[in-house]
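Worksheet for the structure shown next.
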Amino acid sequence: MELCPKMLEWYCSNETLVNFIIDIITIVGFITAIYAICDIIKYLRTRKMQNKINEMQRDEQTSHTLSRELEKYIGSGGHDYGVRLVFYKNYPYKLDDDGFRKYLYWYKFSEKHVPSGYISNTDVAIIEEVSFCGDRIYYNEKTHKWFIDGSNKQFKKYLELPYDMIIYRLPFQNILGYRFGSSDWTDKHEPVFFTKYKYNSWKLFGDNMTAVLRCQYGGFPSSQLILSKTKRIKRYKVLFHKMKTKYVCIKRKVKRL
């Protein structure tokens, strides 16, 4: 207790020096923190770049090995070629609701050319028929938004397009493994892709998709439209458009009466 008055007296007589030391310590700590933050940012940038480099290397390796297998599988390109998409969490036994068939997209420039278009440097092309259940693509030319619904319907600012098939892009990074030849998952010797997401998940495919005409399947698609996954209108918004369109139609009929 006797030291407290002495310490207080010493602090009062050396207050300027003490505050100066505190300021120095604060400045040094602040500079150290800035350097630490810069090092963290540099590390994150380096890691991001390295991850991208690793991704490019994986894509190159996958494209090289997978293209050879697909080339053997497609052969002359005389008919549709199915593939099976198996969600990795269902491997190896839970396949009751999995392993459904999709079809590879391919085309030939002419009869003299070999089939191509089914694989790129980054993904595999899968094609599906929009009109299988009588559906059509509805497209807004200004906003580039789109959705799929039944044919011969009227939606404000949306046009019904003639395209009846969509080419989806399956990125290599969403293919965790693959198997060709005889397999427990198929009876037609179709390739099996073990995927990061389920076959019916939009996350499975890349952002850009291509709408084409069925009559062009097997030939180079001279008529096509690029669709963005981020521009797709979700189901509940489509229902809202339906309600809005019906309301406008009813309002016009009432005015005519």
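The values are calculated or read from the model by the stated rules, or taken from the named source; none is laboratory data. Just so it is clear, the model here is predicted, and its values are computed rather than measured. Quick reminder, even Gly has a Cβ in these numbers, built from the backbone with ideal geometry, and neighbours come from all protein chains shown. We work out accessible area using only protein heavy atoms, side chains counted, and drop any ligands, DNA or RNA first. Shrake-Rupley method; radii C 1.70, N 1.55, O 1.52, S 1.80 Å.
A few remarks follow.
- Flag if L85 is in a helix (DSSP H, G or I), among the aliphatic types (A, V, I, L, M) and either within 23 Å of R169 (Cα to Cα) or open to solvent by less than 90 Å² (accessible area, probe 1.4 Å) (or both): no
- Residue match in segment 170-184 (condition: at pLDDT 85 or above, open to solvent by less than 30 Å² (accessible area, probe 1.4 Å) and in a loop (DSSP other than H, G, I, E, B)): no
- Condition check for Y103: over 30 Å from I233 (Cα atoms) and aromatic (F, W, Y): no
- Any hit, segment 92-102, residues being assigned to a loop (DSSP other than H, G, I, E, B), within 25 Å of K231 (Cβ to Cβ) and either among the aromatic types (F, W, Y) or within 25 Å of the chain's Cα centre (by Cα) (or both): no
- In segment 121-146, the residues that are modelled with pLDDT of 90 or more and open to solvent by less than 40 Å² (accessible area, probe 1.4 Å): D123, V124, A125, I126, I127, I137, Y138, Y139, N140, W146
- Count of residues meeting criterion [open to solvent by less than 100 Å² (accessible area, probe 1.4 Å) and either assigned to a helix (DSSP H, G or I) or in contact with a His (Cβ under 8 Å, 6 or more places away or on another chain) (or both)] in segment 31-77: 27
- H79 meets each of the listed conditions (1) in contact with a helix residue (DSSP H, G or I) (Cβ under 7 Å, 6 or more places away or on another chain); (2) under 30 Å from Q216 (Cβ atoms) apart from (1).
- Count of segment 147-169 residues which are in a strand (DSSP E or B) and open to solvent by less than 60 Å² (accessible area, probe 1.4 Å): 11
- Residue among I148, I175, I167 that alone is β-branched (V, I, T) and either in contact with a helix residue (DSSP H, G or I) (Cβ under 6 Å, 6 or more places away or on another chain) or farther than 22 Å from I119 by Cα (or both): I148
- Residue under evaluation H189, criteria (1) at pLDDT 85 or above; (2) under 19 Å from D80 (Cβ atoms), criterion not met: (1)
- Filtered residue count, segment 32-64, keeping only those that are touching a Ser or Thr at 6+ places or on another chain (Cβ under 8 Å) and of a type in the set (D, E, K, R): 1
- Extreme residue, nearest to the chain's Cα centre (by Cα), among residues of segment 120-177 that are of a type in the set (D, E) and over 14 Å from R232 (Cα atoms): D123
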